[in-house]
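Just so it is clear, none of the values below were taken in a lab; they were calculated from the coordinates. Here the structure is a predicted model, which means the values were calculated and not measured. When we count neighbours, we look across all protein chains shown, and the Cβ atoms used for this are built from the backbone with ideal geometry, even at glycine.
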Amino acid sequence: MVVVAILAAGKGTRMKSNLPKVLHSLGGKTLVERVIQSTEPFSPTRKIIIVGYKSEEVKNSLNHISEIEFVEQTQQLGTGHAIQQLLPHLQGYDGDLLILNGDVPLLRTETLNNLLNTHKNNQNSCTILTANLAQPKGYGRVFCDHQGIVQQMVEDKDCTPQQRKNNRVNAGIYCFRWSELAKFLPHLNNDNAQQEYYLTDAVTQVGKVMAVDVEDNQEILGINDRLQLATANDILQARIKEKWLLAGVTLNDPASITIDETVEIEPDVIIEPQTHLRGKTLIKSGSRIGPGSLIENSQLEANVTVKYSVITDSFVATGTRIGPYAHLRGHAEVGENCRIGNFVELKNSQLGDRSNVAHLSYLGDTTAGTQINVGAGTITANYDGVKKHKTIIGDRTKTGANSVLVAPINIGNNVYIAAGSTVTEDVESNALVIARSRQVIKPEWKQKTD
Ligand code: UD1
Ligand code: CA
């Protein structure tokens, strides 16, 4: 039985940000979200997030995660003070409490499992996660005897020069037998360099305390400033790219590519340089994405190619070619074997199979059929200044260059629209529509004006 508590009340002064520290994002998730998710595989009986600074913002950011509880720490007087807030909520609780720092986002579930197992197997009162860092600056130091039993913990700011040389650091991750911690919590004091109530002071007061070294030091990186956030991002990107490379995805110039952890990629996808895959994106086999593209919350079926384009919240079916310089957004859905070409924007529009929109067009709020050809410069005028209106285009219809379709409008199947037309009324199937003034030629005009 384990209850998880996540410390997330601090402002994160060193981030120099309006956003609470734990809401900064890493690989497509916020720091605190990542910490919560690392605990999910072992199904904690309760997950309690301690919030304080801009607590409403933190709570709102997590409303998609079920079964979490929030406890307020209205003043942030230190990590020990944060855990004191749990006392009324865990009265009579007899199990273990796993405490995680909301700003340590790269921990793997395996590491937490290892900590919990060591804690149980040795019947410890407390087990803490530690690491030996070449540069331990900023972290609390942990002093153990030769059996790994913790004797003393001293915060960086409280260390003597001699103590500061100790490379063993506190990762900020603890498993406590709650009944023992609860007894000591009310007696913490803030008699230290930061005048804070340190949770670390409670550690050495309970019974047997063991330290477990983390396997990979990168995991315990705490985020206190943007430099550490960038470092964490590099570490995470390296992990993500290694995973996809070994799963059969080609990344050309990996250093110039970024991939959120939430992205899925099938084998035999090729990602070209300067390409960024974000959010809930899925890219299926045989697709070639980039160079220079951004794909966000979108699904690309097999054998799609995308060059120098931006696709957000959209769906592209098999064999379709996008770009260069196309923009799909607002739930655009493009059928199979289509071509969306240079400087084309599709917004909230569906396009049937084997259709082409090759040059300089905007289709907004449009449902178009199969095998249509949208001529260069065709625009749907979907906005009257107040409301958006729908355009419907039937199968095999061809719009001439520079035509404007003024919505709401319904254009049938097999329609031809003459170049330069401004179409304001519905057109029935199989018609030719010419909606522009006739060309007038005045011969010898030049001589008359001389
Ligand atoms: C803490 C540890 C330090 C450890 C380091 C690892 C203490 C006293 N020190 O130091 O030994 O090496 O983490 O990263 O615990 N928080 C609250 N309420 C507060 C204060 C902090 O919720 O009143 C939260 C913060 O939002 C943050 C976490 O606790 O998520 C850690 O706080 P922080 O101030 O960053 O502690 P460190 O100085 O890094
Ligand atoms: Ca910290």
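What percent of all Cα-Cα pairs in the chain falls into each 20 Å bin, going from 0 up to the bin containing the maximum distance?
Answer for the chain: a P(r) of 22, 37, 25, 13, 3, 0 percent.
Take the Cα atoms of segment 268-335, find their three principal axes, and give me the spread along each one in whole Å, biggest first.
Sorted from largest, the Cα extents of segment 268-335 read 25, 21, 20 Å.
Tell me the relative contact order for the chain as a rounded percent, counting alpha carbon contacts under 8 Å between residues six or more apart. The partial results should precede the final answer.
Numbers: 1155 pairs, mean separation 36.4, N = 450.
Here the relative contact order equals 8 percent.
Indicate the gyration tensor shape class of segment 323-440 (rounded, prolate or oblate), computed on the Cα atoms with a ≥ b ≥ c the square roots of the eigenvalues: a/c under 1.5 is rounded; otherwise a/b larger than b/c is prolate and the rest oblate. Intermediate results must be reported in sequence, preceding the final value.
On the way: a/c = 1.43, a/b = 1.29, b/c = 1.10.
Since a/c stays below 1.5, the shape of segment 323-440 is classed as rounded.
At a threshold of 8 angstrom on Cα-Cα distance, excluding pairs fewer than six apart, so keeping six or more, what relative contact order does segment 296-443 reach in percent?
Relative contact order, segment 296-443: 12 percent.
Could you calculate the FRET efficiency of Ala358 with Lys208 from 1/(1 + (r/R0)^6), where r is the beta carbon distance between them and R0 is 60 Å, rounded to 0.05? It would help to have the intermediate numbers written out before the result.
Values: r = 72 Å, r/R0 = 1.21.
The value I calculate is 0.25.
If you count, for each residue, the other Cβ atoms within 10 Å and average over each peptide, how do 46-53, 257-264, 70-77 line up from highest to lowest? Numbers along the way, then the final one.
On the way: 46-53: 22.5, 257-264: 19.0, 70-77: 15.6.
Highest-to-lowest ranking by the protection proxy: 46-53, 257-264, 70-77.
Could you bin all the Cα-Cα distances of segment 154-204 into 10 Å bins starting at 0 and give me the percent of pairs in each, rounded to whole numbers?
Each 10 Å bin holds this share of Cα pairs: 21, 48, 28, 3.
Taking only C-alpha pairs under 8 Å that are 6+ residues apart, what is the relative contact order of segment 118-168 in percent? Present the calculation step by step, with values, prior to reporting the outcome.
Numbers: 54 pairs, mean separation 18.9, N = 51.
37 percent.
At 37 °C and a viscosity of 0.692 mPa s, what translational diffusion coefficient does Stokes-Einstein give for segment 66-127, taking Rh as the Kirkwood radius over Cα pairs? Give it in µm²/s as a whole number. Don't skip to the end; give the middle numbers.
Details: Rh = 13.9 Å.
Using the Kirkwood radius from Cα pairs, D works out to 237 µm²/s.
Hey, could you get me the Stokes-Einstein D for segment 255-383, Kirkwood radius over alpha-carbon pairs, 20 °C and 1.002 mPa s, rounded to whole µm² s⁻¹?
On the way: Rh = 14.0 Å.
Result for D is 153 µm²/s.
Where q = 0.26 Å⁻¹, what log10 of I(q)/I(0) comes from the Debye formula for segment 1-72, counting one point per Cα?
-1.28
What whole number of Å gives the distance from the Cα centroid of segment 76-121 to the Cα centroid of segment 292-341?
Between the Cα centre of segment 292-341 and that of segment 76-121, the gap is 44 Å.
Loop only by DSSP, 10 or fewer other Cβ within 10 Å of the Cβ. Give me the GluC sites (Glu not before Pro) in segment 391-450 that pass, ordered by residue number.
The qualifying sites are Glu425, Glu444.
Which order do the peptides 98-105, 281-288 take when ranked by the mean count of other beta-carbon atoms within 10 Å per residue, highest first?
Numbers: 98-105: 25.9, 281-288: 19.8.
Put in order of decreasing packing, that is 98-105, 281-288.
Over segment 304-366, what number does the Rg to Rh ratio reach, with both radii from the alpha-carbon atoms and Rh per Kirkwood? Walk me through the numbers on the way to the answer.
On the way: Rg = 9.6 Å, Rh = 10.7 Å.
Ratio of gyration radius to Kirkwood radius: 0.89.
Consider just the alpha-carbon atoms of segment 117-265 and return their Rg together with their Dmax, both in angstrom.
Values for segment 117-265 (Cα only, Rg and Dmax): 18.8, 58 Å.
Show me the ranking of peptides 20-32, 331-343, 230-242, 152-164 by mean Cβ neighbours inside 10 Å, starting with the highest. Numbers along the way, then the final one.
On the way: 20-32: 22.5, 331-343: 20.8, 230-242: 16.5, 152-164: 14.7.
Going from most to least packed, we get 20-32, 331-343, 230-242, 152-164.
Which length gain, in nm to one decimal place, applies between Ala418 and Asp191 when the Cα-Cα distance is subtracted from 0.36 nm times their residue separation?
On the way: separation 227, 0.36 × 227 = 81.72 nm, distance 8.33 nm.
In short, 73.4 nm is gained.
Could you tell me which of rounded, prolate or oblate describes segment 357-410, using a ≥ b ≥ c as the square roots of the eigenvalues of the alpha-carbon gyration tensor, with rounded for a/c under 1.5 and, failing that, prolate when a/b is larger than b/c and oblate otherwise? Present the calculation step by step, with values, prior to reporting the outcome.
Working: a/c = 2.33, a/b = 1.42, b/c = 1.63.
Since a/c reaches 1.5 but b/c is at least a/b, the shape of segment 357-410 is classed as oblate.
Dimensions of segment 185-338 along principal axes (Cα, Å, largest first)?
70, 31, 24
With +1 on the Cβ of every Lys and Arg and -1 on the Cβ of every Asp and Glu, and nothing else charged, how large is the dipole of the chain about its Cα centre, in debye rounded to the nearest 20? Please report the intermediate quantities before stating the final value.
Working: 45 positive and 48 negative charges, 228 e Å.
Using Cβ point charges on Lys, Arg, Asp and Glu, the chain gives about 1100 debye.
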